[in-house]
1. Only one of (1) among the polar types (S, T, N, Q); (2) modelled with pLDDT of 95 or more; (3) surrounded by fewer than 17 Cβ atoms within 10 Å (Cβ to Cβ) fails for Thr228. Which number is that?
2. Taking into account only those residues within segment 113-159 that are under 21 Å from Asp77 (Cβ atoms) and in contact with a Lys or Arg (Cβ under 8 Å, 6 or more places away or on another chain), which is surrounded by the most Cβ atoms within 10 Å (Cβ to Cβ)?
3. What are the residue pairs meeting all of these: first residue in segment 20-40, first residue at pLDDT below 55, second residue among the polar types (S, T, N, Q) and part of a loop (DSSP other than H, G, I, E, B), Cβ atoms under 7 Å, and 6 or more apart or on different chains?
4. Out of Leu248, Leu242, report the one residue that is surrounded by fewer than 15 Cβ atoms within 10 Å (Cβ to Cβ), touching a residue at least 24 places away in the same chain (Cβ under 8 Å) and under 20 Å from Thr131 (Cα atoms).
5. Select from segment 72-112 the residues that are surrounded by fewer than 23 Cβ atoms within 10 Å (Cβ to Cβ) and either small (Gly, Ala, Ser) or in the same structural domain as Val148 (by TED's automatic domain parsing) (or both) and write down the one among them that is nearest to Ser35 (Cα to Cα).
6. Considering only segment 85-96, I want to know if a residue exists there that is touching a strand residue (DSSP E or B) at 6+ places or on another chain (Cβ under 7 Å) and assigned to a strand (DSSP E or B).
7. Is it the case that segment 234-249 has a residue that's β-branched (Val, Ile, Thr) and outside any loop (DSSP other than H, G, I, E, B)?
8. Which pairs have Cβ atoms under 7 Å, sit 6 or more apart or on different chains, and link a residue in segment 43-64 that is under 13 Å from Thr209 (Cα atoms) and assigned by TED's automatic domain parsing to the domain that holds Thr97 to one that is assigned to a helix (DSSP H, G or I) and of a type in the set (A, V, I, L, M, F, W, C)?
Amino acid sequence: MNRQFAHCPHTASSLLSPERRRPRRGGAVRLTAISPILGEGFEAEVEKETATWIPHDVELDVRSVRYGVESIECEYDEVLCAPPILEQVEMAVAAGTDGVFVSCFADPAVAAARERVDVPVVGGFEPPVLTALSLGERVGIVTVLPNVVPTIRASIRRHGLAERCSSIRVVDMPVLGLADRETMLVRLHEQARAAIDGDEADVIVLGCTGMSGAAAELQQRLATSGPTVPVVDPTGAAIGWLLHLARLGVTSSRATYLPPPDKKRVPANGR
C-alpha cells in the first residue's frame with residue numbers, strides 16, 4: 001500500500017489531457033480514497049476499510065480534506081465539503097492516481113470532479129446501488145439520519161431508479177455515533193428486517209460509508225431469521241467498481257461531464 005504518491009504541479013490542461021488515459025493490461029494500478037470529513041480517526045478508518053478491498057497489486061493513497069466539516073449529514077454539509085474534496089482530487093490526479101473514491105454515500109463533489117479530471121471518480125452511492133440491482137428486484141437503503149433521506153431520494157431520482165429503490169430507512173444515529181458498533185448493528189438489523197418483512201426490499205445497501213465492516217455481520221444476522229438477503233457494503237462496491245474502470249482505461253464521458261469553461265474563479269482562501 002502506498003500512503004501518498006509524489007506531489008506534482010498541475011494545470012487545467014494536465015488534469016484534462018486525453019493522453020492521461022491508457023487501458024491497463026497488467027502492472028500496478030494506483031487508486032486514491034478521499035476522506036471527505038475532518039478528523040484523523042476517520043482517515044484511519046477509511047484507510048483500514050478501503051485496504052480490506054484492495055488487491056495486493058494495487059497501490060492505495062488515502063487523503064483527507066484539510067478543512068470542511070466533521071460529518072456530512074445534510075445538503076449544507078455537502079456544499080461546504082465540496083471545495084476541499086476537489087482540492088484533494090486534483091492533487092491526487094496530479095500525483096498520478098488512476099482513479100478516485102470519495103468516501104461518502106452522498107457522492108459529494110463527484111460530478112464536479114468528473115468535469116475536472118480525466119480519471120474515473122466514484123462516490124459511495126452509485127456502485128453499491130447499481131450492484132444491488134443485479135442481486136434482487138427491490139433495493140432497500142438503511143442510512144444514518146432523517147436529514148440525509150432527501151439527498152438519497154434525489155440521487156435515486158437522478159439515476160432513474162425510483163421504481164426499484166423506494167425503501168429508505170434510518171438507524172437514527174449520527175455518523176460520529178457509528179463507533180458504537182453493537183448499537184449500530186442492532187438498529188441496522190431492525191430496519192433491514194422491517195424492510196424485508198414489509199415487502200419493501202430483497203437486497204439491502206448500507207447507506208453510509210461510515211458503517212464500515214457491518215455488511216457481513218448484518219447479512220449473517222438476517223440469515224438467522226429468514227432467507228438469505230444480500231447486504232452490499234458501499235466501500236467494497238465502490239473500490240471494486242473503481243478498479244474495474246481503471247483497468248478498462250475508461251473515464252467519464254465528455255458528452256456528459258464537459259470541462260469547466262475558462263473564467264476567473266476566486267476560492268474562499270483568496271488564492
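1. (2) is the only condition that Thr228 fails.
2. Ile141
3. Arg21/Thr251
4. After ruling out the rest, the residue left standing is Leu248.
5. Of everything passing the filter in segment 72-112, Ala82 is nearest to Ser35 (Cα to Cα).
6. The answer is no, given that none of the residues of segment 85-96 is touching a strand residue (DSSP E or B) at 6+ places or on another chain (Cβ under 7 Å) and assigned to a strand (DSSP E or B).
7. The answer is yes, given that some residue of segment 234-249 is β-branched (Val, Ile, Thr) and outside any loop (DSSP other than H, G, I, E, B).
8. That search, which allows pairs on different chains as well, returns Thr50/Ile239.
The values are calculated or read from the model by the stated rules, or taken from the named source; none is laboratory data. Keep in mind that what you see is a predicted model, and the values were worked out from it rather than measured. Please note: Cβ atoms are built from the backbone with ideal geometry, for glycine as well, and neighbour counts cover all protein chains shown.
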